[in-house]
Amino acid sequence: MANLYRSREGLSARPVANSDEIQLRIDPVHADLDEEITGLHKKVTMLKTVAQEIESEAKFQNDYISQLQMTLSKTQAGLKNNMKRLNRAMAQKGSNHVLHVIIFGLACFSVVYLWSKHSRR
């Protein structure tokens, strides 16, 4: 039973009831403790570097999202103002707007009709 958790490096992880804890068994006969400590220190340093890079990336993305939200708010406000102005202009023009649309449609239809007649010749 004692050999179940032995590894080549002299350290092994044992399963424990609480998932937040890890138990290490150090076998001083098969491993040099200083090398193990140095290796663990290098890994911790590497993890610290990765964590700092993740933190800086998260800050950058948070700033970017804040800028996007600000831009979106400004765009929504501008769109709302333009819609108010458009509604006001339509209310002032009244039924003339419908007449202009009908005349524009007839003009477009006439141009397309004349162009198709001219292209068949």
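All of the numbers you see were taken from the coordinates with simple rules; none came from a lab. Just so you know, these numbers come straight off a predicted model, no measurement behind them. No Cβ is skipped: glycine too gets one built from the backbone with ideal geometry, and neighbour counts run over all protein chains shown.
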What lysines could a cross-link reach from LYS42, if we take a straight Cα to Cα line under 30 Å and drop same-chain neighbours fewer than 8 places away? LYS59
List the lysines whose alpha-carbon lies under 19 Å from that of LYS84, not counting same-chain residues fewer than 8 positions away? LYS74, LYS93
Between ALA91 and ILE54, how many nm apart are label points set 7 Å from Cα along the C-beta direction? 5.5 nm
For the range 62-121, rounded, prolate or oblate, judged on the Cα gyration tensor with a ≥ b ≥ c (square roots of eigenvalues), a/c < 1.5 rounded, else prolate if a/b > b/c? oblate
Per-pair calculated FRET efficiency, R0 = 35 Å: SER66 and SER110 via Cβ, rounded to 0.05: 0.10
Give me the extension gain from VAL44 to HIS118: residue separation times 0.36 nm, minus the current Cα-Cα distance, reported in nm with one decimal. 18.5 nm
